[in-house]
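Read the figures in this text as sums done on the coordinates, not as results from a lab. The structure presented is a predicted model; accordingly, all values stated were derived computationally and were not measured. Counting neighbours? That spans all protein chains shown, and the Cβs are built from the backbone with ideal geometry, glycine included.
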Amino acid sequence: MPEETPITNVMIVDDHPMIRDGLRARLESMPGVRVVAETGTADEALRHAAHQSINLVLMDINLQGSSGIELTAKFQLNFPDIAVLILSMHNKAEYVLQSIRAGARGYVLKDAPGSDIVRAIGAVLNGGVYYSAALMPIIAQPRLKEETLTVRERQVLEQIARGASNKSIAETLDLSVRTVETHCLNIKRKLDIEGRSELIKFALENLRTERG
């Protein structure tokens, strides 16, 4: 009996209906991808995330009355298991860096080849990150890895540097153990670190000054 393709539930967040229609058509042609929600506002996006099973959000930066970067940070805080992939026309370093710091798993330019979206979704759902080729000079900036950590990820890393377990970190930061595990996974992904021992080593070496 052939193995069934896992279903990925996607939400499109973009303030242009025509762009949403185009994205929906492309996504629904991909095996295993199902568009379960779409909206042009931050409030609706958060409501959908709270009441529907969503694995991935395709997020524009310019939204009605809000910023996709600010919304990405809210998703990172409230729905850390939902991956956010930025899809934007902006190619400036400030937008890319702010998006990564907010917790985005990738950043694809709207004028990039359509195949970029397909590759980006595949990479993100497999636990990786993806950036359009034109953005790589920005991503390769010195010390970028450390700068892309979110405030919450830095808090988790500081606790790791103190030798705290995931359970202890969860109690200290008032989080669930699963959320702490998700933050640890995101930190390792951003820093290109494999195991817990490497993570502890990085935390000790890089947070030594902050810890005094």
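Just a few scattered comments:
- Descending Cα extents along the principal axes, the range 26-65, whole Å: 34, 22, 11
- The number of Lys pairs in the chain with C-alpha atoms less than 30 Å apart, excluding pairs fewer than 8 positions apart on the same chain, is 23.
- Per-residue ellipticity at 222 nm, computed for the chain from helices alone with -39500 (n - 2.57) per DSSP H run of at least four residues, works out to -15000 deg cm²/dmol.
- The local environment of GLY40, defined by Cβ-Cβ distances under 9 Å, has a net charge of -4 under the rule Lys, Arg +1 and Asp, Glu -1.
- When the square roots of the Cα gyration tensor eigenvalues are ordered a ≥ b ≥ c, the ratio a/c for the range 88-204 is 1.5 or more and a/b exceeds b/c, which makes its shape prolate.
- Distance (nanometres) between label positions extended 7 Å along Cα→Cβ at LYS110 and ALA133: 2.2 nm
- Label-to-label distance, HIS16 versus ASP81, with points set 7 angstrom from Cα along the beta-carbon direction: 3.4 nm.
- In the range 48-149, trypsin sites (Lys or Arg not before Pro) in a DSSP loop with at most 12 other beta-carbon atoms within 10 Å: LYS92, ARG143
- Scaled against 2.2 N^0.38 Å for its residue count N, the alpha carbon radius of gyration of the range 149-206 is 0.98.
- Cα-based convex hull volume of the chain per residue, rounded to whole Å³: 142 Å³
- Anisotropy class of the range 25-144 from Cα gyration tensor, a/c 1.5 cut: oblate
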